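Note sheet for the following structure.
Derivation of every value follows stated rules applied to the coordinates shown; laboratory data play no part. This structure is a prediction, so every number in the text was calculated from the model and none was measured. Backbone-built Cβ (ideal geometry, glycine too); neighbour counts: all protein chains shown.
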Amino acid sequence: MGATDAITEEERMPPTRLTPALIRRIRGADTQSEFAHAVGVSANSQVSLWERGHRHPSRIVTRAICRLAQARGVELQEAGDA
């Protein structure tokens with residue numbers, strides 16, 4: 001593993017905790033299937049479980065969701081968290 005392959009401190013730190021409401025807001029007008037594909041999961045049923053609060057995305061998928069939110073200009077902090 002070379003210096004360019006090293007994991008950065010930012011990648012080690014757990015990303016923002018994603019609530020069901022925040023996941024729905026990031027998904028926006030995408031179908032659950034489109035959103036699942038965009039964040040690298042194969043089943044839209046996973047998105048449904050996240051949005052209902054029955055499961056949480058893995059750390060890797062959470063990072064992908066956070067990157068998607070950033071690309072879409074969605075604020076990651078819930079209004080009540082400020």
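Values for this structure:
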| quantity | calculated |
| --- | --- |
| Arg25, sole failed condition from (1) touching a helix residue (DSSP H, G or I) at 6+ places or on another chain (Cβ under 8 Å); (2) assigned to a helix (DSSP H, G or I); (3) closer than 12 Å to Ala69 by Cβ; (4) not hydroxyl-bearing (Ser, Thr, Tyr) | (1) |
| Segments classed as helices (runs of 4 or more DSSP H), wholly inside the stretch 30-73, with at least 2 members that are surrounded by fewer than 17 Cβ atoms within 10 Å (Cβ to Cβ) and in contact (Cβ under 8 Å) with a residue 40 or more places away in the chain | 59-72 |
